[in-house]
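First the structure, in the form of structure tokens, and then the observations on it.
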Amino acid sequence: MTANAGREDRLSRLYGGVLVGAAGLTPLLGWFGPLGFAPLLALAGLLCLPALRLERRDGLLAVLLLSLLAWAALSTIWSRFHPRSVQGATALKLAFQLLLYGAAVAGARRADPRRARMALQILAWGLAALGVILAVEALSDAALYRGVRAALHTPMEFPYARKNLAQGSFVLALLWPVAAAAGARAGAPWWLAIPMALGAAVEAHIFLADAPVLAVGLAVLAAGVAWTWPDRGPKAAGLLAVAMILLMPFVGAVSQALGLAQKVPLSWAERLGYWDAACRFIGQRPRTGWGLDASRTFTPLIQLHPHNGALQLWLELGVVGAALAALVWLTLLWSLAGSRRDSVAAGAMGSAAVYLLFGLVSFGIWQEWWLALGALVAVIVALSRRASPISATPTA
């Protein structure tokens, strides 16, 4: 073995070990601290930096992401929002995230295959355990969570514990399709998908979070489409994502015209109110938008962000930012298309559909932990392809 080959072998084991550790921490963070996904993925990327390579297959996506980052950074010139410190500089944080999260994906691509399989098995079993824990929490008024908080001398009342734990259902609803498929590819039992999906849905339902319940069904539907039509399914989904992002201001305007805010529960009425306000502001600056993070400056009409990622893109970055983001999604979803059925691609399609759903109704698009979870999905896909050759079934 040459010295260079020996170094590559050591680095491969390092990348695998880093991602085994990340897989082990993922269920714990999903239960007790979802905000920790941002530092976890950043640390994994930092340790995997030597693996960072721009491959030919990454070219178009890299150009689109860098263009979106450059436009977002440029928009700070005319943005209504002015951060008071470097910590609040979203463009700078996005640049580091793109670098480090990209390095984490590159590390997964070059990880030792045995450790890649180990990471996927640990993740699958861990998320199944998280599903059981979340179901127990929902049925016991968060007894486990509040017990741990009390033992750590940071007691928490049930309403706040319920709110924190509800985030765990979002995490599990996002990760379970791709984690279950990749885990099965690596040798974990396929039925681990059942406690994952049920845990997310049961906790979300009892803790009054609508989106994760819808997400479980949406993930099954999207994965089924990708499995049934492995080539046309992801491509159609990509075109649908483009249409959804580019047409969202018109959808928001239609919902306002129909008076839907008066016909839905309070939490949805508040969202529709934010969407209505966002659409009115978008109409004032449709080309350039109001600048990065400008959503924060429209209080009380909009609280922090419109709770709709497509509208946030239009509001802050205008048609240019919305078009670039739409092309990013088109590229990502088309990359899942193939001539043969692939369970991991189908699982990734399910997770992508959930990410889009949550982005439309829940989280701000620049939230670090949420972007980190999107990167984690990409890491899982890369690990599955590194762990073993694709076992596929020809289409009928």
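The values are calculated or read from the model by the stated rules, or taken from the named source; none is laboratory data. It should be emphasised that the depicted structure is a prediction, and the values quoted were computed from it without experimental measurement. Cβ sites come from the backbone with ideal geometry, for glycine too, and all protein chains shown count toward neighbours.
For residue 304, only one of the following conditions fails: (1) modelled with pLDDT under 95; (2) among the hydrophobic types (A, V, I, L, M, F, W, C); (3) within 19 Å of residue 250 (Cα to Cα); (4) surrounded by fewer than 23 Cβ atoms within 10 Å (Cβ to Cβ). What is its number?
Result: residue 304 fails condition (3) only.
Out of 36, 30, 24, I need the residue that is surrounded by 23 or more Cβ atoms within 10 Å (Cβ to Cβ), on the phi < 0 side of the Ramachandran plot and either assigned to a helix (DSSP H, G or I) or at pLDDT below 95 (or both). Which one?
30
Using the structure shown, decide if residue 323 is of a type in the set (Gly, Ala, Ser) and closer than 30 Å to residue 216 by Cα.
Here the answer is yes, as residue 323 does meet what is asked.
Across region 194-213, what is the total count of residues that are of a type in the set (Gly, Ala, Ser) and either under 17 Å from the mean Cα position of the chain (by Cα) or not in a helix (DSSP H, G or I) (or both)?
Qualifying residue count, region 194-213: 4.
Take the residues in region 320-344 that are surrounded by fewer than 19 Cβ atoms within 10 Å (Cβ to Cβ) and touching a strand residue (DSSP E or B) at 6+ places or on another chain (Cβ under 9 Å), then tell me which one is modelled with the lowest pLDDT.
Step by step, filter region 320-344, then rank; the result is 339.
With 242, 216, 225, 171 as the choices, which residue is closer than 14 Å to residue 352 by Cβ, within 18 Å of the chain's Cα centre (by Cα), of a type outside the set (Phe, Trp, Tyr) and assigned to a helix (DSSP H, G or I)?
242
Taking the options 52, 66, name whichever one is surrounded by fewer than 16 Cβ atoms within 10 Å (Cβ to Cβ) and out of contact with any Asp or Glu (no Cβ under 9 Å at 6 or more places or on another chain).
66
For region 100-141, give me each residue that is outside any helix (DSSP H, G or I) and crowded, with 24+ Cβ neighbours inside 10 Å.
111
Can you tell me which condition residue 192 does not meet? The list is (1) surrounded by 14 or more Cβ atoms within 10 Å (Cβ to Cβ); (2) at pLDDT below 85; (3) over 23 Å from residue 356 (Cβ atoms); (4) in contact with a helix residue (DSSP H, G or I) (Cβ under 8 Å, 6 or more places away or on another chain), and all the others hold.
(2)
Does residue 87 satisfy the condition of being under 20 Å from the mean Cα position of the chain (by Cα), part of a helix (DSSP H, G or I) and not aromatic (Phe, Trp, Tyr)?
For residue 87, the condition - under 20 Å from the mean Cα position of the chain (by Cα), part of a helix (DSSP H, G or I) and not aromatic (Phe, Trp, Tyr) - is not met.
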